[in-house]
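The values are calculated or read from the model by the stated rules, or taken from the named source; none is laboratory data. The structure displayed is predicted, hence computed values, not measured ones. Every residue, glycine as well, gets a Cβ built from its backbone with ideal geometry; the counts of neighbours run over all protein chains shown.
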Amino acid sequence: MKRIYFDNAASTPLDKRVFEEMKNYFLADYGNASSVHTYGKKARIGIEQSRENIACIINAKESEIYFTSGGTESDNLAVKGIAYAYQDRGNHIITSSAEHTAVVKTCKFLESIGFKVTYLPVDKYGMVDPADVKKNITEKTILVSIMHANNEVGTINDIEEIGKITNEMGVLFHSDAVQTFTKLPIDVEKCKVDLLTFSGHKIYGPKGTGVLFIRKNVMIQPQIHGGSHERNKRAGSENVPGIVGIGKAAEIKIEEMESEYKRLKELEEYFWTKINENINDVYLNSHIEKRLPGFLNISFGDTDSEAVLLSLDLEGIAVSSGSACLSGSSEPSPVLAAMGLSIERAKSSIRITLGKQNTKEDIDYALTVFPKIVKRIREL
Ligand SMILES: *Cc1c(COP(=O)(O)O)cnc(C)c1O
C-alpha cells in the first residue's frame, strides 16, 4: 500500500545527510566533549560548529545559543528560568491562549506557586493582537511569551511588532519558534526577541534535540543542575550526535528555505483548491495568508476528526486531528476553542502539514481518497 506522511508539524523524517553527519559522533568521535584528549576535542569541535551554524542563521552570537533536549525543555527553561531569575522585579507573565502545551503547562505550574499569568485572547485564526500585549503590561510584568507560528493551525504572529513593544517597555520577550525555524527568516536583531525556542525533529533533524537562544545579559535560572556545561545554564554531558544533527539540519534547511517555501505554498494551494472543488461544506481554520507554507487545518462539516483520521490511515495517509496533543480526550482542542470555533467545527478539524518528502503525486493520490472518506463518514 502507498503510504503518505502529511504530519510534518508533528515530526519529520531525518534528512539522510544529517544522519551521515551524526554517524561519526556515535562511532568514532564519541568522546565526552568536556574531556581534554583528542576524542573530547573532536566532539567539542562538532558541538561548536553546530552552535556557529545556528547563531549565524538567526543573526545571534555563538555565546547566545544553548543546546537542550528539545522544544519542550527550551520552553521550560525560558519561562521558568526567567520567572525565577526575575521574581524580585515582578511576578506577572503574559502569554496567549493558543500556546503549545510546553508553555501553557509551565505557566500553569508557575501560577500554582504564586506567579500571575495573563492568557491573551486570539482572533479566529489564532493570532495575537500586539496591541493586547501592550495593554496588559504592568510594572509587575517580567516576561511575554508568544509563539511565532501556531502548531495546530500554522497562523503566524507578528513577533517583530510584539518585540518592538516589549523592547520599548523593558519587558523580556520569549517566542516558541519551533514551527517557524528555517521555514521563515528570523533575525534576532530585527525582532528584538530575548529568548527563542527551536526543536531538531521538526526540521528533519533528530528527536530529543533543541536550542534556546538567550540574549546576552539576560539572566536565567538553570532548570537542570550539575556540571558546568552550556556555560552553567544546562548541566549534563552534551548529546554530541544530536547537537551536530540539529546544526546540520538547520544548515541544510536554510539553504532550501526559499525554494521549499515556494514549492510547499504551491502544493498546499493546489490541495486546498481541489478539496474545495470536490467536497462541500469544508472550512479552512488557518489564516488565509499569514500561515506557514504547507499547513492546512480544515474542518469537514458533519464529520468527526477521529473517524476521518483513522479512515485516512487505513488508506495509508497520515494526518493529525486538531487536538493531536490531546488525542484520546473528548474535549476539543483548547487552541481551536480559543479561536472561537464551534464545538462541531473543532471536533471535525484535521491538520495536514506537508514537508520536503511530499510531492504533487502524493496530493493527487490524497485527492482520490479524501472525497470518498468524507462521503462515507457523512453517510454513517
Ligand atoms: C513540537 C513543538 C514543541 C515541542 O518540541 P519537542 O522537541 O517535541 O519537545 C514545542 N512547541 C511547538 C510549537 C511545537 O510544535
Do we have residue 117 as within 16 Å of the ligand (Cβ to nearest atom) and either buried (at least 17 other Cβ atoms within 10 Å of the Cβ) or in the same structural domain as residue 333 (by TED's automatic domain parsing) (or both) here?
no
Cβ pairs under 7 Å, 6+ apart, first in region 89-109 and without any contact (Cβ under 8 Å) to a residue 24 or more places away in the chain and among the small types (Gly, Ala, Ser), second away from the ligand (no atom under 11 Å from the Cβ) and assigned to a helix (DSSP H, G or I):
none
Being away from the ligand (no atom under 16 Å from the Cβ) and within 21 Å of the chain's Cα centre (by Cα) narrows 192, 135, 140 down to just 192
Any idea which of (1) in contact with a Lys or Arg (Cβ under 9 Å, 6 or more places away or on another chain); (2) within 17 Å of residue 244 (Cβ to Cβ) is the one residue 45 doesn't satisfy?
(1)
Region 62-77 residues that are under 11 Å from residue 207 (Cα atoms) and not assigned by TED's automatic domain parsing to the domain that holds residue 44, paired with ones that are within 8 Å of the ligand (Cβ to nearest atom) and in a loop (DSSP other than H, G, I, E, B) (beta carbon under 7 Å, 6 or more apart):
none
Residue tally, condition surrounded by fewer than 17 Cβ atoms within 10 Å (Cβ to Cβ) and either among the small types (Gly, Ala, Ser) or in contact (Cβ under 8 Å) with a residue 40 or more places away in the chain (or both), over region 159-203:
6
Being touching a Gly at 6+ places or on another chain (Cβ under 9 Å) and not hydroxyl-bearing (Ser, Thr, Tyr) is the filter here; which residues of region 88-114 pass it?
91, 98, 100, 102
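Hey, which of the helices (runs of 4 or more DSSP H) in region 87-186, taking only ones fully inside, have at least 3 residues that are polar (S, T, N, Q) and modelled with pLDDT of 95 or more?
Values: elements: 101-112, 130-136, 159-169.
Passing ranges, in order: 101-112.
Taking the condition out of contact with any Phe, Trp or Tyr (no Cβ under 8 Å at 6 or more places or on another chain), within 30 Å of residue 254 (Cβ to Cβ) and either crowded, with 22+ Cβ neighbours inside 10 Å or of a type in the set (S, T, N, Q) (or both), does residue 359 pass?
yes
Report whether or not residue 36 is out of contact with any His (no Cβ under 9 Å at 6 or more places or on another chain), assigned to a loop (DSSP other than H, G, I, E, B) and among the β-branched types (Val, Ile, Thr).
Values: out of contact with any His (no Cβ under 9 Å at 6 or more places or on another chain): yes; assigned to a loop (DSSP other than H, G, I, E, B): yes; among the β-branched types (Val, Ile, Thr): yes.
In short, yes.
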When region 41-61 is examined, which residues are found to be within 22 Å of residue 184 (Cβ to Cβ) and over 17 Å from the mean Cα position of the chain (by Cα)?
50, 51, 52, 53, 55, 56, 59, 60, 61
Among the residues of region 51-79, the number that are away from the ligand (no atom under 16 Å from the Cβ) and under 21 Å from residue 26 (Cβ atoms) is 2
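From the residues in region 80-99 that are surrounded by fewer than 22 Cβ atoms within 10 Å (Cβ to Cβ) and within 16 Å of the ligand (Cβ to nearest atom), which one is nearest to residue 200 (Cα to Cα)?
Start the filter on region 80-99 by keeping residues that are surrounded by fewer than 22 Cβ atoms within 10 Å (Cβ to Cβ), which leaves 80, 84-92, 97.
Applying the additional criterion that residues be within 16 Å of the ligand (Cβ to nearest atom) yields 80, 97.
Numbers: 80: 21, 97: 25 Å.
Checking each candidate, the answer is 80.
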